[in-house]
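This report refers to the structure that appears directly beneath it.
The values are calculated or read from the model by the stated rules, or taken from the named source; none is laboratory data. As the structure is a prediction and not an experimental result, all values here were calculated from the model. Don't worry about glycine lacking a Cβ; one is built from the backbone with ideal geometry, like all the others, and counts go over all protein chains shown. Note: accessible area is taken over every heavy atom of the protein model, side chains too, but ligands, DNA and RNA are not part of it. Shrake-Rupley method; radii C 1.70, N 1.55, O 1.52, S 1.80 Å.
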Amino acid sequence: MEEGTRHATQRNGWAWCALSAVLFGAATPTTKLIVDHVGAVTLAGLLYLGAAAAVAPFAFREQRPVASARQRSRLLTAVAFGGGLAPILLILALDRTGAATVSLFLNLELVATAVIARAFLQEHIGRRASLGIVIVLLGGVILAGSSHAGVAVGALLVAAACICWGIDNAITASLDNYTPSQITLAKGVVAGSVNLVLGLALDGAPVARFLFVALAIGAVGYGLSITMWITGARLVGAARGQVIFALAPFIGALLAWPVNGDRLTSTTIVAFTVSLIGVLVVATSHHSHLHRHEAMEHAHPIDPSDPHHRLGAIAVLSGTLHRHFEVSHEHEHLPDIHHRHTH
């Protein structure tokens, strides 16, 4: 791959994941504002229905190839863990622990995603990227170490949520038979509807104003955020995408100061700086070897400057739906949607 094209692809991936981190980071302290007024399961359902509403206009316009039974089962698994179970666990944690503290522990999602992506998707990480992941995690440890005692239950709930999201992240980054908007819509409709029905049966209906606030938070903090993260992770890989998304907890901790009244400390600033260094280390990692692309069909934006999309390398079927022909070559690459091969 040409040097300029490779860097442009990386920049696009980092940018999408960074925007996703900002939106999701802001969702934690804003959700804390209404968590005492809406049941945990009901709130989880409303957040994901809001997400579905935000992306539905885009998802219904997009085309995709016919998904295999394996792709459908993987999507269902991602929906169950990431859209169904994880938000309930997070909201239960927010009900017991401060928003800033919960935000800090969300860094465990980085570890879960990296381990699952490496173990089950054979995603190449490398020494430099591994070092960056450790540095980002160190920033989270520094920040968590400054938290108040008595948050054991909340921490365990957040850890469980992070494992669920780690499974979700690793799966959705590789689901190339569905567009990011379609994946988010599936999560929102299925998980949101099931959780909402269960929540209403358990807790009753919330006050209307809290209902609309929850839908709005879900639309921006989950709908747009999830779609942006999947788009970015397809360009840089699940583990690397999660590295920059790991800045979301710090954004949540910073916003918890003006939104929830949680105190901002010098430790927060130091931890944020350490994690930012880790992100930069991962962003400057390199990897190259001879590899073979199998023939495949998927749907995502076609970049004419990308050698994988050059004339003769693909056949455009309809819109963004295209077929890649088999090819072997060597160049620097990330574990993006075209380079998920064994090492």
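None of F81, F60 is open to solvent by 50 Å² or more (accessible area, probe 1.4 Å), at pLDDT 90 or above and within 22 Å of G188 (Cβ to Cβ) except F81.
Residue-wise test of (1) surrounded by 21 or more Cβ atoms within 10 Å (Cβ to Cβ); (2) more than 20 Å from the chain's Cα centre (by Cα).
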position: G199; (1), (2): yes, yes
position: L202; (1), (2): no, yes
position: L211; (1), (2): no, yes
position: G223; (1), (2): yes, no
position: T227; (1), (2): yes, no
position: G232; (1), (2): yes, no
position: R240; (1), (2): yes, no
position: I244; (1), (2): yes, no
position: L255; (1), (2): yes, no
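Scan region 201-237 for residues that are more than 20 Å from F24 (Cβ to Cβ) and of a type in the set (K, R) and the total you get is 1. Number of residues in region 90-101 that are farther than 21 Å from A219 by Cβ and either among the β-branched types (V, I, T) or open to solvent by 10 Å² or more (accessible area, probe 1.4 Å) (or both): the value is 7.
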